[in-house]
Amino acid sequence: MLRVLETPLYLKGTVVPGFGRGSKMLGIPTANLNEETLRQHKLDETANGIYAGFAAVGTSEDVYHAVLSVGWNPHFKNERRTAETWILHDFGRDFYGDELRVMIVGYIRPEAAFENIGTLIQQIKMDAEIAKKELPRLSGRDDPFLKYV
Ligand code: ADP
Ligand code: MG
């Protein structure tokens, strides 16, 4: 299920390389935002977890459904939160360096440790199904924030 946020969270920044964990190889590419963006957006006030929202890339007007993971990344020795966005669309290309705009509108579940990578992937694919099912009835897709200015 999905809990609609009282106030949406807005993220806008440059897509940077992540930690090379090979998410793309698993069919789940997650776009990372630069640290400056995350600082500006005070993500530390945000609960860790898996979220759903609307996303747009670069100068494009197209808006897609997205699943986000917000949490402490062990890579930074737990000093910083990260937000990784899986856009539910096949771009057929990378877009490092492009602007990513995300409007987070719903909360799906807390972060969880999984026994193995297979279970993790299964769970993330279920998250995507929830996002695809619930997002069409939520407003936000037309938010001016998602437009490139
Ligand atoms: P990294 O470790 O650099 O984040 P990933 O394997 O997680 O690498 O792949 C993420 C990258 O793939 C993004 O930065 C973006 O350039 C590209 N990409 C292509 N399609 C998508 C998509 N649908 N959602 C997110 N990122 C995508
Ligand atoms: Mg990634």
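The values are calculated or read from the model by the stated rules, or taken from the named source; none is laboratory data. This structure is a prediction, so every number in the text was calculated from the model and none was measured. In this analysis, Cβ positions are derived from the backbone assuming ideal geometry, glycine residues included, and neighbour counts consider all displayed protein chains. Areas reflect the complete protein model, heavy atoms only, side chains present, ligands, DNA and RNA absent. Shrake-Rupley method; radii C 1.70, N 1.55, O 1.52, S 1.80 Å.
Count the lysine pairs in the chain whose Cα atoms sit under 19 Å apart, keeping only pairs 8 or more residues apart in sequence or on different chains. So the count of such lysine pairs works out to 5. The accessible surface of the chain, taken with every protein chain in place and a 1.4 Å probe, is 52 percent carbon and sulfur. Rounded to the nearest 10 square angstrom, Ser23 shows an accessible area of 30 square angstrom against a 1.4 Å probe. Projecting the Cα atoms of Gly13, Ala55, Leu120 onto the charge dipole of the chain (Cβ charges, centred on the Cα centre) puts Leu120 farthest toward the positive pole.
A 1.4 Å probe over all protein chains sorts Thr30, Thr7 by accessible area into Thr7, Thr30, starting with the largest.
Residues in the range 99-114 carry Karplus couplings, in order, of 7, 10, 10, 10, 10, 8, 10, x, 9, 9, 6, x, 5, 8, 8, 10 Hz; the curve used is 6.51 cos²θ - 1.76 cosθ + 1.60 with θ = phi - 60°, and Gly or Pro positions show x.
For the chain, the Cβ-based charge dipole about the Cα centre amounts to some 160 debye (Lys, Arg positive; Asp, Glu negative; other atoms uncharged).
Rolling a 1.4 Å probe over the protein heavy atoms leaves Trp72 with an accessible area of roughly 100 Å². Accessible surface area normalised per residue over the chain is 57 Å², counting heavy atoms of protein chains with a 1.4 Å rolling probe. Centroid-to-centroid, using Cα positions, the range 112-149 and the range 15-74 are 11 Å apart.
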